[in-house]
Amino acid sequence: MADDDNDSNDDNDDTLSIDPDVPPLRARLEALLLVVDQPTAEGILATAAGATAGEVDAELRAWRDDLTASGSGMDLRRTGEGWRLYTRRELAPYVERLLTDGTRATLTRAALETLAVIAYRQPVTRSRVAAVRGVNVDGVMRTLVARGLAIECGTDADTGGMLYRTTELFLERLGLASLDELPDIAPLLPDVDLVDEMSDDPAEDPRIPVGRRRRAADPEPDTPTTDDEEM
């Protein structure tokens with residue numbers, strides 16, 4: 001009987017053992033929330049983290065409380081759409097100082113091209129910007145939002161994708177009073193109807209050349225601008 005008890009204990013030990021190669025759940029969630037660009041539901045995070053939605057919800061709530069208690073500059077918030085990391089509101093002046101500092105405000109050529117598409121086609125979804133440019137623009141869009149040059153302004157009624165537009169800071173940096181003063185280069189961009197018909201995934205759109213479709217699936221590398229391309 002003693003042997004049976006030992007076997008039973010061994011089985012329980014195996015069940016309760018923790019794989020040392022698997023990072024803690026909080027570390028996995030930290031990594032995921034650092035790269036998302038919009039609130040993300042527990043179920044999606046759970047699938048990516050290899051945990052249950054209940055475990056993820058409990059860990060996120062505990063992490064949120066720990067951040068608040070420690071006075072961290074990060075704020076973990078839950079909205080109707082899910083969880084996302086933010087900087088705390090009271091620290092906004094410091095973030096703004098960094099992002100608008102002229103020595104750090106140089107945009108890459110990729111960011112300038114993406115900003116031009118937003119300016120002339122706003123409000124526009126990220127997938128449609130990618131369709132116009134033929135490359136993945138996720139990282140560039142995050143940069144523009146972080147710099148205060150573009151902002152989320154609702155969701156597209158057809159696709160549910162987040163819509164983006166330019167900001168007052170964008171006009172200020174260009175020395176414009178309104179969007180009506182933008183140079184008339186819109187005719188050089190694809191027609192809105194054509195962009196609307198493009199696939200939400202430009203990497204699969206048959207009207208985009210194969211080479212550009214391949215590049216559209218991968219993030220675009222940042223290429224520093226020259227002095228005359230600063231914004």
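Read-outs: derived from the displayed coordinates by stated rules, not from any lab. Keep in mind it's a predicted model, so treat the numbers as computed, not measured. Using ideal geometry, Cβ is built from the backbone for each residue, glycine included, and neighbour counts are taken over all protein chains shown.
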Assertion target for 162, 141, ordered by fewest C-beta neighbours within 10 angstrom first, is 162, 141
Surrounding charge for residue 175, neighbours by C-beta under 13 angstrom, Lys/Arg +1, Asp/Glu -1, total -2
Footprinting proxy, 26, 133, 128: sorted fewest to most Cβ within 10 Å, the residues are 26, 133, 128
Note, residue 28: beta-carbon cut-off 11 Å, +1 each Lys/Arg, -1 each Asp/Glu, net -2
Footprinting proxy, 68, 79: sorted fewest to most Cβ within 10 Å, the residues are 79, 68
